[in-house]
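Data first, discussion second: the structure below is written as structure tokens.
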Amino acid sequence: MTALRTARDVYAKGTPGEVCIAHNRLVKSIEMAMALYVEFGSEATPAMVDRLTEDDFKRAARTAGVNPPNSEATREQVRLLLKVFVALGTAGDSAAETYKVLFAAPARNKSGLVAFYLPSA
């Protein structure tokens, strides 16, 4: 069971469907990426993340208590988040080290989009 709230619990009735789908995809992706991060621990690397199989996704979904992803968009989002978790988990305690790891090898999905972790003020 997910600890994060689904779109139904967050948005008002009548919210556009695409907003709710994006929200729920993100919730599922966060939960699954965390399940994979916990499972693989220090063995997780960006290269390993790129080799995740359908069985890995199904196992992570089961562990997270969500339905397995049925779209490549969701699987790509899980991979992207897992890469961020790996970078944050291997960068040590220093914020500077975390930024160095993340910006040295930004996460890029198959569409070529790049995601960066940006600190808040």
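The values are calculated or read from the model by the stated rules, or taken from the named source; none is laboratory data. It should be emphasised that the depicted structure is a prediction, and the values quoted were computed from it without experimental measurement. Here Cβ is always computed from backbone atoms with ideal geometry, including for glycine, and neighbour counts include all displayed protein chains.
Overview of results
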read-out	value
Per-region count, region 1-19, residues assigned to a helix (DSSP H, G or I) and modelled with pLDDT of 85 or more	3
Failed item in (1) surrounded by 19 or more Cβ atoms within 10 Å (Cβ to Cβ); (2) modelled with pLDDT of 85 or more, with Pro68 passing the rest	(1)
All positions within region 42-82 that are over 22 Å from His23 (Cα atoms), touching a residue at least 12 places away in the same chain (Cβ under 8 Å) and not in a helix (DSSP H, G or I)	Ala44, Thr45, Leu52
Some residue of region 43-65 being modelled with pLDDT under 90, within 13 Å of the chain's Cα centre (by Cα) and not acidic (Asp, Glu)	yes
Pairs, first without any contact (Cβ under 8 Å) to a residue 40 or more places away in the chain in region 14-34, second part of a helix (DSSP H, G or I) and not hydrophobic (A, V, I, L, M, F, W, C), C-beta under 8 Å, six or more apart	Cys20/Arg8
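Let's see how each residue does on (1) surrounded by 17 or more Cβ atoms within 10 Å (Cβ to Cβ); (2) closer than 18 Å to Leu82 by Cα; (3) among the hydroxyl-bearing types (Ser, Thr, Tyr):
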{"position": "Thr15", "(1), (2), (3)": "no, no, yes"}
{"position": "Ile21", "(1), (2), (3)": "no, no, no"}
{"position": "Asn24", "(1), (2), (3)": "yes, yes, no"}
{"position": "Lys28", "(1), (2), (3)": "yes, yes, no"}
{"position": "Met34", "(1), (2), (3)": "yes, yes, no"}
{"position": "Ala44", "(1), (2), (3)": "yes, yes, no"}
{"position": "Met48", "(1), (2), (3)": "no, yes, no"}
